[in-house]
Amino acid sequence: MSKTRAHVFVSGRVQGVFFRQNTKQQAQSHSVTGWVRNLEDGRVEGVFEGEEASVKALVAFCSTGPIGASVTDVAVTWEIFKGEFENFRIIY
């Protein structure tokens with residue numbers, strides 16, 4: 001299996017709805033490493049690394065988000081896997 005990296009920016013009503021916590025739970029269930037954080041402009045940003053199918057599953061989750069979220073756009077940049085993360089964390 002090939003490994004990949006995705007850099008995502010999620011727009012819409014994605015703050016104040018436990019988006020980061022749910023993304024972390026999804027990442028851990030798919031063995032994806034990286035991070036997620038809120039941006040001052042109201043978006044959520046994340047970098048995900050792992051097996052291609054697992055990273056794609058996490059990106060797919062971001063297109064809907066948790067209950068209460070209303071995602072209007074997910075901008076994804078696919079990058080070369082770097083293997084720089086040991087786990088998945090929320091950046092505060």
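The values are calculated or read from the model by the stated rules, or taken from the named source; none is laboratory data. The shown structure was predicted, so the numbers you read here are calculated from the model rather than taken from an experiment. When we count neighbours, we look across all protein chains shown, and the Cβ atoms used for this are built from the backbone with ideal geometry, even at glycine. To get the accessible areas, we keep the full protein, side chains included, count just its heavy atoms, and leave off ligands, DNA and RNA. Shrake-Rupley method; radii C 1.70, N 1.55, O 1.52, S 1.80 Å.
Considering the range 28-66 alone, what residues qualify as being part of a helix (DSSP H, G or I), surrounded by fewer than 20 Cβ atoms within 10 Å (Cβ to Cβ) and in contact with a strand residue (DSSP E or B) (Cβ under 7 Å, 6 or more places away or on another chain)?
If the condition is that a residue be part of a helix (DSSP H, G or I), surrounded by fewer than 20 Cβ atoms within 10 Å (Cβ to Cβ) and in contact with a strand residue (DSSP E or B) (Cβ under 7 Å, 6 or more places away or on another chain), then GLN28, GLU52, VAL59 are the ones that fit.
If you check ARG20 against the conditions, is it of a type in the set (Lys, Arg), assigned to a helix (DSSP H, G or I) and within 16 Å of ARG89 (Cα to Cα)?
Numbers: of a type in the set (Lys, Arg): yes; assigned to a helix (DSSP H, G or I): yes; within 16 Å of ARG89 (Cα to Cα): yes.
Yes.
Scan the range 12-25 and give yes if some residue there is modelled with pLDDT of 95 or more, in contact with a Lys or Arg (Cβ under 6 Å, 6 or more places away or on another chain) and among the charged types (D, E, K, R), otherwise no.
So the first thing to find is which residues in the range 12-25 are modelled with pLDDT of 95 or more, and the list is 12-25.
From the residues that got through so far, the ones that are in contact with a Lys or Arg (Cβ under 6 Å, 6 or more places away or on another chain) too are none.
For the range 12-25, residues modelled with pLDDT of 95 or more, in contact with a Lys or Arg (Cβ under 6 Å, 6 or more places away or on another chain) and among the charged types (D, E, K, R): absent.
Limited to the range 68-92, what total is found for residues that are among the polar types (S, T, N, Q), assigned to a strand (DSSP E or B) and open to solvent by 70 Å² or more (accessible area, probe 1.4 Å)? Spell out how you get there, then give the answer.
Initially, the range 68-92 is screened for residues among the polar types (S, T, N, Q), giving 70, 72, 77, 87.
Adding the requirement that they be assigned to a strand (DSSP E or B) leaves 70, 72, 77.
Imposing the further condition that a residue be open to solvent by 70 Å² or more (accessible area, probe 1.4 Å) reduces the set to 72, 77.
Final tally of qualifying residues: 2.
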